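Trainee: Take a look at this one; I'll ask things after.
The values are calculated or read from the model by the stated rules, or taken from the named source; none is laboratory data. Remember, predicted model here, so these are calculated numbers, not experimental data. FYI the Cβ positions are ideal-geometry reconstructions off the backbone, even for glycines, and counts take in every protein chain you see.
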Amino acid sequence: MNTLNKDKEYIIGTYNRFPIEIEKGNGSVVFDTSGKEYIDMTSGIGVTSFGIADSEWKKAVEEQAGKLQHMSNLFYTKPCADLAEMLCNKTGMKKVFFSNSGAEANECAIKAARKYAAEKHGNGCFTIVTLRNSFHGRTLTTLAATGQEHYHELFKPLTEGFCHIDAGDINSLKELIKSGKIAAVMLECIQGEGGVIPLDKSFVQDVRQLTEDNGILLIVDEVQTGNGRTGELYSYMNYGIKPDIVTTAKGLAGGLPIGAVLFGEKTENVFAYGDHGSTFGGNPVSCAAGISVISRINKELLDEVKSKGQFIFKEFENAEGVEDVSGMGLMVGIKTVKPVKEVLAKCMENGVLCLSAKDRLRLLPALNIPFDILKKATDIIKDACK
Ligand SMILES: *Cc1c(COP(=O)(O)O)cnc(C)c1O
């Protein structure tokens with residue numbers, strides 16, 4: 001049986017996969033099993049930050065895998081402590097919890113917000129406000145946080161204690177806060193799965209001010225937007241705010257499973273022994289990969305991300321068959337005149353892998369995609385939009 005048929009036979013049918021079997025890659029280029037070459041504008045949904053099998057990343061992973069691939073959290077390991085220190089030094093946050101995925105990072109942030117609010121405001125104060133059109137994960141609690149009804153329908157009852165407002169609707173937030181029951185606000189500065197939609201700067205700043213004034217936590221979900229993707233280390237840095245809790249995952253370890261929750265001054269001591277944990281969280285190989293990724297996200301790289309993002313914007317802003325372009329840095333959404341499925345298929349046929357988000361084409365190339373490859377990809381994508 002070939003892989004496509006075997007997968008269909010034995011893997012649960014939750015993924016609507018493209019009929020391509022990817023075998024290997026190098027940087028921003030991947031190959032299928034027939035030897036066909038594709039430019040990868042997906043990075044595995046923003047995960048392989050420095051492309052496939054990048055030599056520096058590979059060295060860090062291989063060295064750590066050959067030394068210690070796992071140890072329980074009952075003992076100390078250096079990569080875990082080093083990555084946490086690095087994240088705190090680069091953000092001004094105070095402490096870190098490592099998980100294995102974005103959803104788990106958000107679960108941890110939600111638990112922390114509940115405990116913080118219960119201690120500060122009393123037991124009835126547990127509601128977390130999130131935005132409509134947001135995405136925060138697939139567990140029952142992060143689904144409840146996700147402000148898109150169609151994800152909820154088949155899985156009720158979800159975890160209670162969430163409510164949703166429209167992005168930009170600061171008045172609804174003011175009203176909700178009057179109830180005295182709001183523990184936190186959680187948002188993505190750029191709604192990724194929602195279609196690569198950046199929030200307005202003034203709205204985000206108003207939310208920060210309002211939450212600050214009322215002793216309510218602000219959690220920023222940087223699972224997709226984090227780790228250099230938007231041209232800053234974390235997307236909130238484009239907004240001139242400082243969250244109380246930051247969650248991240250996807251690109252942090254460049255292709256190995258990891259999640260991280262960063263806690264600021266108010267929340268750094270919220271958890272005590274036994275309040276939370278994870279078997280694999282802080283895995284030394286994932287953390288070694290994370291150190292390799294984060295140590296390379298310097299000003300020079302971020303400037304490169306910004307200028308490549310600007311290049312993509314310019315290429316598509318007035319292109320034939322394109323209605324508009326959204327996003328920041330190397331996180332770009334393109335509203336095409338043609339149905340996005342058609343555009344994706346045409347790109348694939350012509351050797352470029354892209355993503356979609358809602359009705360938009362979504363581009364999340366590696367942060368270090370060489371300029372000539374990027375140019376070649378945008379030419380092929382533009383042609384597919386016509
Ligand atoms: C992908 C994503 C998640 C979920 O991450 P997983 O690692 O798939 O659990 C959560 N929030 C945002 C913003 C995401 O893009």
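Trainee: Condition test on PHE98, is it hydrophobic (A, V, I, L, M, F, W, C), within 16 Å of the ligand (Cβ to nearest atom), crowded, with 17+ Cβ neighbours inside 10 Å and not in a helix (DSSP H, G or I)?
Mentor: Taking the combined requirement at face value, the residue satisfies it.
Trainee: Look at segment 304-336 and say how many of its residues are in contact (Cβ under 8 Å) with a residue 24 or more places away in the chain, closer than 18 Å to GLY194 by Cα and among the hydrophobic types (A, V, I, L, M, F, W, C).
Mentor: The number of residues fulfilling the criteria is 5.
Trainee: Tally up the residues in segment 251-268 that are outside any strand (DSSP E or B), at negative phi and crowded, with 24+ Cβ neighbours inside 10 Å, please.
Mentor: Counting residues in segment 251-268 that are outside any strand (DSSP E or B), at negative phi and crowded, with 24+ Cβ neighbours inside 10 Å gives 5.
Trainee: List pairs: first in segment 249-276 and more than 13 Å from THR91 (Cβ to Cβ) and away from the ligand (no atom under 16 Å from the Cβ), second in a strand (DSSP E or B) and not small (Gly, Ala, Ser), Cβ under 6 Å, 6+ apart or cross-chain?
Mentor: Every condition considered, the pairs that remain are THR267/ILE245.
Trainee: Return the residues of segment 1-39 that are under 17 Å from ARG362 (Cβ atoms), part of a loop (DSSP other than H, G, I, E, B) and in contact with a strand residue (DSSP E or B) (Cβ under 9 Å, 6 or more places away or on another chain); say none if nothing qualifies.
Mentor: PHE18, SER28 - these are the residues of segment 1-39 that are under 17 Å from ARG362 (Cβ atoms), part of a loop (DSSP other than H, G, I, E, B) and in contact with a strand residue (DSSP E or B) (Cβ under 9 Å, 6 or more places away or on another chain).
Trainee: If you check every pair at least six apart or on different chains, which have Cβ atoms under 9 Å apart with a residue in segment 1-17 that is touching a residue at least 12 places away in the same chain (Cβ under 8 Å) first and a residue that is surrounded by fewer than 10 Cβ atoms within 10 Å (Cβ to Cβ) second?
Mentor: Close Cβ pairs (under 9 Å, with a partner that is surrounded by fewer than 10 Cβ atoms within 10 Å (Cβ to Cβ)) amount to LEU4/PRO19.
Trainee: Something else about it: Quick one: how many residues across segment 191-231 are under 15 Å from LEU363 (Cα atoms) and outside any loop (DSSP other than H, G, I, E, B)?
Mentor: Going through segment 191-231 one residue at a time, the tally reaches 3.
Trainee: What single numbered condition from (1) within 21 Å of LYS201 (Cα to Cα); (2) in contact with a Ser or Thr (Cβ under 6 Å, 6 or more places away or on another chain); (3) within 14 Å of the ligand (Cβ to nearest atom) fails to hold for ILE165?
Mentor: (3)
Trainee: Any residue that is within 15 Å of the ligand (Cβ to nearest atom) and assigned to a helix (DSSP H, G or I) - is there at least one of those in segment 313-320?
Mentor: So far as segment 313-320 goes, no, none of its residues is within 15 Å of the ligand (Cβ to nearest atom) and assigned to a helix (DSSP H, G or I).
Trainee: Can you tell me which residue in segment 40-72 is nearest to the ligand (Cβ to nearest atom), limited to those that are among the small types (Gly, Ala, Ser) and not in a loop (DSSP other than H, G, I, E, B)?
Mentor: Here the answer is GLY46.
Trainee: Identify all residues within segment 321-351 that are at negative phi and assigned to a loop (DSSP other than H, G, I, E, B); write none if there are none. Steps first, answer last, please.
Mentor: Here is the first cut: in segment 321-351, the ones at negative phi are 322-326, 328, 330-350.
Matches in segment 321-351: LEU330, VAL337, LYS338, PRO339, ASN350.
Trainee: So which residues in segment 103-150 are under 24 Å from PHE203 (Cα atoms), surrounded by fewer than 23 Cβ atoms within 10 Å (Cβ to Cβ), within 16 Å of the ligand (Cβ to nearest atom) and not hydrophobic (A, V, I, L, M, F, W, C)?
Mentor: Result: ARG132, ASN133, SER134, GLN148.
Trainee: Quick check, is GLY281 small (Gly, Ala, Ser), within 16 Å of the ligand (Cβ to nearest atom) and either surrounded by 21 or more Cβ atoms within 10 Å (Cβ to Cβ) or under 16 Å from the mean Cα position of the chain (by Cα) (or both)? Quick ask: steps written out before the conclusion?
Mentor: Working: small (Gly, Ala, Ser): yes; within 16 Å of the ligand (Cβ to nearest atom): yes; either surrounded by 21 or more Cβ atoms within 10 Å (Cβ to Cβ) or under 16 Å from the mean Cα position of the chain (by Cα) (or both): yes.
Against the criterion (small (Gly, Ala, Ser), within 16 Å of the ligand (Cβ to nearest atom) and either surrounded by 21 or more Cβ atoms within 10 Å (Cβ to Cβ) or under 16 Å from the mean Cα position of the chain (by Cα) (or both)), GLY281 qualifies.
Trainee: Separate question: How many of the residues in segment 106-128 are closer than 17 Å to VAL246 by Cβ and hydrophobic (A, V, I, L, M, F, W, C)? Reasoning before the result, please.
Mentor: The first filter runs over segment 106-128 and keeps only residues closer than 17 Å to VAL246 by Cβ, leaving 106-113, 116, 128.
Next cut, hydrophobic (A, V, I, L, M, F, W, C) only: 108-110, 112-113, 128.
Looking only at that region, the number is 6.
Trainee: Can you confirm whether segment 87-95 contains a residue that is in a helix (DSSP H, G or I), more than 16 Å from the ligand (Cβ to nearest atom), in contact with a Phe, Trp or Tyr (Cβ under 6 Å, 6 or more places away or on another chain) and among the basic types (Lys, Arg)?
Mentor: no
Trainee: Has segment 188-204 got any residue that is over 20 Å from the mean Cα position of the chain (by Cα), more than 24 Å from GLY251 (Cα to Cα) and of a type outside the set (Val, Ile, Thr)?
Mentor: yes
Trainee: GLU153 is checked against (1) of a type outside the set (Phe, Trp, Tyr); (2) surrounded by 14 or more Cβ atoms within 10 Å (Cβ to Cβ); (3) at pLDDT below 95 and fails just one. What number does that condition carry?
Mentor: So GLU153 meets the others, but not (2).
Trainee: Regarding segment 50-65, can at least one residue be identified that is surrounded by 24 or more Cβ atoms within 10 Å (Cβ to Cβ), within 30 Å of LYS375 (Cα to Cα), in contact with a Phe, Trp or Tyr (Cβ under 7 Å, 6 or more places away or on another chain) and not aliphatic (A, V, I, L, M)?
Mentor: Looking through segment 50-65, at least one residue is surrounded by 24 or more Cβ atoms within 10 Å (Cβ to Cβ), within 30 Å of LYS375 (Cα to Cα), in contact with a Phe, Trp or Tyr (Cβ under 7 Å, 6 or more places away or on another chain) and not aliphatic (A, V, I, L, M).
Trainee: If I filter segment 219-248 down to residues being within 15 Å of the ligand (Cβ to nearest atom) and free of Cβ contacts under 8 Å to residues at least 60 places away in the same chain, which single residue comes out as surrounded by the fewest Cβ atoms within 10 Å (Cβ to Cβ)?
Mentor: Within segment 219-248, the match that is surrounded by the fewest Cβ atoms within 10 Å (Cβ to Cβ) is TYR236.
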